[in-house]
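Report on one structure; see the data block that follows.
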Amino acid sequence: MGRRKSGRDISGVIVLDKPLELTSNAALQKVRRFFNARKAGHTGALDPLATGVLPLCFGEATKVSHFSLEADKTYEVVARLGVRTTTSDAEGEIVATAEVAVDEAQVKAAIAQFTGVQEQSPSMFSALKYEGRPLYWYARQGIEVPRKTRQICIHKINLMALDASSLKLEVTCSKGTYIRTLIDDMGQFFGCGAHVAELRRTWIEGVTGNMVSFAELEQLAAQCDPENDDYQVLDALLQPCDSVIQQILMVRIVEADAIKFTAGNPARALSDDVRDESVIFRVYSETSERFLGLGFWRDNKIVPKRVLSIAER
């Protein structure tokens, strides 16, 4: 028997419009099979309930994909008012209901309350566990237990729509923000409870390129010829590896040092303005837009942190 092929060594990014009722990993694996890609990863999971921007990284792009996890993000969220659930979304069990009497003034007050830097902790009515039991078990007994908090920043909340039973918001926030927790907290602020009914990620800082639907990829995959290793129609959609980290500052190195840098050696920068050892830079050569990798300033040179081993698209 011949050795089984492990897939193609392709590199680049697909910005998927993740469909409903599919985990991020399931979406990744389906798209990876479309491309017959050997190596793939995503840049931050979306719940099955959520749709929208999900960058999928192939090959060398996986070396820099986790830097996208640090980026700010924007979501459109529809909250159902008057119903609190165990998971703070539509997939959980209902644990409390109440009459709804929320007006625009109350929503604006909530927006003011929940905008800015803050400590966020999961709801007591959540499925996260404490000493082997879900938090909502303790909540039903009237027992408050310790919960780990994290510092987040909600940069902006825009009111998009409000009616008798639902609220639609646009939220721009830092990494680590639980939109479900935000909505649950807002529901408590209103005094009626709330949970996420719909969630869509519309923007990730630093991610460029048009979103592609799963259906479109499926149609194009049907036009490919795996027997002859022909995936041209799909490969044409691949974005460059640096299309998920455009928020990272760019630096250029002298042309003569480009090969040295890709071999893992320090390189001379064209500008002295980059003298900040705490900053990671996207690195390019003097005369090319080819992305070489990521580096940082040390001892008057740019030191490699992540280096790509291919010529960029």
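State all residues of the range 100-156 that are in contact with a Ser or Thr (Cβ under 6 Å, 6 or more places away or on another chain), open to solvent by 30 Å² or more (accessible area, probe 1.4 Å) and either among the acidic types (Asp, Glu) or without any contact (Cβ under 8 Å) to a residue 24 or more places away in the chain (or both); if no residue qualifies, say none.
Passing the criteria: only 119.
What residue, among those in the range 167-209 that are among the β-branched types (Val, Ile, Thr) and closer than 20 Å to residue 21 by Cβ, is surrounded by the fewest Cβ atoms within 10 Å (Cβ to Cβ)?
202
Being of a type outside the set (D, E, K, R), modelled with pLDDT of 95 or more and over 21 Å from residue 207 (Cα atoms) is the filter here, so list the residues in the range 21-34 that pass it.
Within the range 21-34, 34 is the sole residue that qualifies.
If I ask for residues that are over 25 Å from the mean Cα position of the chain (by Cα) and crowded, with 17+ Cβ neighbours inside 10 Å, which ones from the range 273-283 would you list?
Residue satisfying the conditions is 274 alone.
Which one of these does residue 51 not meet: (1) free of Cβ contacts under 8 Å to residues at least 12 places away in the same chain; (2) closer than 30 Å to residue 166 by Cα?
It fails just one condition, (1).
So in the range 18-45, with the set limited to residues that are open to solvent by less than 10 Å² (accessible area, probe 1.4 Å) and either part of a loop (DSSP other than H, G, I, E, B) or charged (D, E, K, R) (or both), which one is nearest to residue 177 (Cα to Cα)?
Filtering first and then ranking leaves 43.
Out of the residues in the range 290-306 that are over 18 Å from residue 63 (Cβ atoms) and under 31 Å from the mean Cα position of the chain (by Cα), state the one that is surrounded by the fewest Cβ atoms within 10 Å (Cβ to Cβ).
Among residues in the range 290-306 that are over 18 Å from residue 63 (Cβ atoms) and under 31 Å from the mean Cα position of the chain (by Cα), the one surrounded by the fewest Cβ atoms within 10 Å (Cβ to Cβ) is 298.
Anything in the range 258-272 that is in contact (Cβ under 8 Å) with a residue 24 or more places away in the chain, farther than 13 Å from residue 307 by Cα and open to solvent by less than 80 Å² (accessible area, probe 1.4 Å)? List them, or say none.
The answer is 269, and nothing else.
Being in contact with a Gly (Cβ under 7 Å, 6 or more places away or on another chain) and farther than 28 Å from residue 61 by Cα is true for just one of 161, 194. Which residue is that?
The unique qualifying residue is 194.
The values are calculated or read from the model by the stated rules, or taken from the named source; none is laboratory data. All values reported here derive from a predicted model rather than from experimental measurement. Cβ sites come from the backbone with ideal geometry, for glycine too, and all protein chains shown count toward neighbours. With ligands, DNA and RNA removed, areas are computed over all heavy atoms of the protein, side chains included. Shrake-Rupley method; radii C 1.70, N 1.55, O 1.52, S 1.80 Å.
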